[in-house]
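Since the structure comes first, as structure tokens, the remarks are kept for the end.
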Amino acid sequence: MGRSIRMITRQQEDTARPERMPAQAAAKTPGSNPKRQPSIIPYYSELEVLPHDAKPVTAQMTFAIDIDIANLIVQAFIGLVTLGALIAAFWQINQNKRNREYDIKRHQSSRISAWYDEGKNQIDRPKDSRFVWQLVVLRNESESPVYDVIVTCVGINGAGPSFKGEDNCPVFPDRACVGTLPPGAWCIWLPTGGSGMGVRTAPEVAFVDANGISWVRRGNGRLEEIPIEPAVFYRLPLPLNWRGCAKLTE
């Protein structure tokens, strides 16, 4: 610890340096000038100063290597975080794009709805007593018509018809083929089996939008895309009797 000093006397250095020996020997011969006789005076030929906190070279190298490894780990972590942020941003952009495309795809179909109107004037009700006739309001709030509209009575509660129109038989009588539904509010009379014994029904509407995509609005209001046109979806026998619809009047 502290400082280490190495001292070498002039005589020791003369011993280490043979070339100076003849001159020193001549100086000691009798009759020589005593003033020129060398005196043995210690002096510092080499001075090595080591700080008190000096560390071995091996320890310093190990410390430097540790710092390099730590820097590599930090850089790798920053790279992973950056990559994760880029992936998340890319995923979010794609997700937003898909959502916009989905909203555009559903733009017209989401504006088609149907429901029973119990308060409508019943004067023009069909006379066929085999069915309980329900007035169905069809509303197209888009700016274009929809096509191949088929309305089916489906069950909501109780032991009535199936909850999905395609699960009923192809010759299911509680169904009406409307055809084209222009923008606005329209109505049809739908034959049903009634609502006795806790049975509750609702109209289901299948149609093709202006882009040629087929949809079905379930009796519970849920909108679903279907892979084929409504007539094939319900397995209806051809030819179909398209009945049309009447303009709804207040």
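To keep it simple, each residue is scored yes or no on (1) surrounded by 12 or more Cβ atoms within 10 Å (Cβ to Cβ); (2) out of contact with any strand residue (DSSP E or B) (no Cβ under 9 Å at 6 or more places or on another chain); (3) on the phi < 0 side of the Ramachandran plot.
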| site | (1), (2), (3) |
| --- | --- |
| 175 | yes, no, yes |
| 178 | yes, no, yes |
| 190 | yes, no, yes |
| 207 | yes, no, yes |
| 221 | no, no, no |
| 249 | no, no, yes |
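Evaluating residue 144 against the criteria (1) part of a loop (DSSP other than H, G, I, E, B); (2) surrounded by 16 or more Cβ atoms within 10 Å (Cβ to Cβ); (3) under 39 Å from the mean Cα position of the chain (by Cα) leaves one unmet condition, (2).
Among the residues of the range 56-74, is there at least one that is closer than 30 Å to residue 224 by Cβ, over 38 Å from the mean Cα position of the chain (by Cα) and either open to solvent by less than 70 Å² (accessible area, probe 1.4 Å) or modelled with pLDDT under 75 (or both)? No: the range 56-74 contains no residue that is closer than 30 Å to residue 224 by Cβ, over 38 Å from the mean Cα position of the chain (by Cα) and either open to solvent by less than 70 Å² (accessible area, probe 1.4 Å) or modelled with pLDDT under 75 (or both).
If the requirement is being part of a strand (DSSP E or B) and touching a helix residue (DSSP H, G or I) at 6+ places or on another chain (Cβ under 8 Å), which of these qualifies: 204, 224, 166?
Values: 224 fails: touching a helix residue (DSSP H, G or I) at 6+ places or on another chain (Cβ under 8 Å); 166 fails: part of a strand (DSSP E or B).
From the options 204, 224, 166, the qualifying one is 204.
Is it fair to say residue 237 is more than 21 Å from residue 110 (Cβ to Cβ) and surrounded by fewer than 17 Cβ atoms within 10 Å (Cβ to Cβ)? Even if it seems obvious, please write down each step before you answer.
Values: more than 21 Å from residue 110 (Cβ to Cβ): yes; surrounded by fewer than 17 Cβ atoms within 10 Å (Cβ to Cβ): yes.
Considered against the rule, which asks whether it is more than 21 Å from residue 110 (Cβ to Cβ) and surrounded by fewer than 17 Cβ atoms within 10 Å (Cβ to Cβ), residue 237 comes out as yes.
Evaluation of residue 138 against the conditions (1) modelled with pLDDT under 95; (2) more than 37 Å from the chain's Cα centre (by Cα) shows that the sole unmet condition is (1). Taking the range 197-250 as the range and being among the aliphatic types (A, V, I, L, M) and touching a residue at least 60 places away in the same chain (Cβ under 8 Å) as the test, the residues that pass are 202, 205, 208, 210, 213, 223, 231, 236, 240, 246, 248. Quick check: is even one residue across the range 103-113 out of contact with any His (no Cβ under 8 Å at 6 or more places or on another chain) and modelled with pLDDT under 80? Checked against the condition, which is being out of contact with any His (no Cβ under 8 Å at 6 or more places or on another chain) and modelled with pLDDT under 80, the range 103-113 yields at least one hit.
The values are calculated or read from the model by the stated rules, or taken from the named source; none is laboratory data. Predicted model only: the values in this text are computed from it and were never measured. A quick note on method: Cβ atoms are made from the backbone with ideal geometry, for glycine too, and the neighbour counts reach across all protein chains shown. Accessible surface is based on the protein model in full, side chains and every heavy atom, while ligands, DNA and RNA are left aside. Shrake-Rupley method; radii C 1.70, N 1.55, O 1.52, S 1.80 Å.
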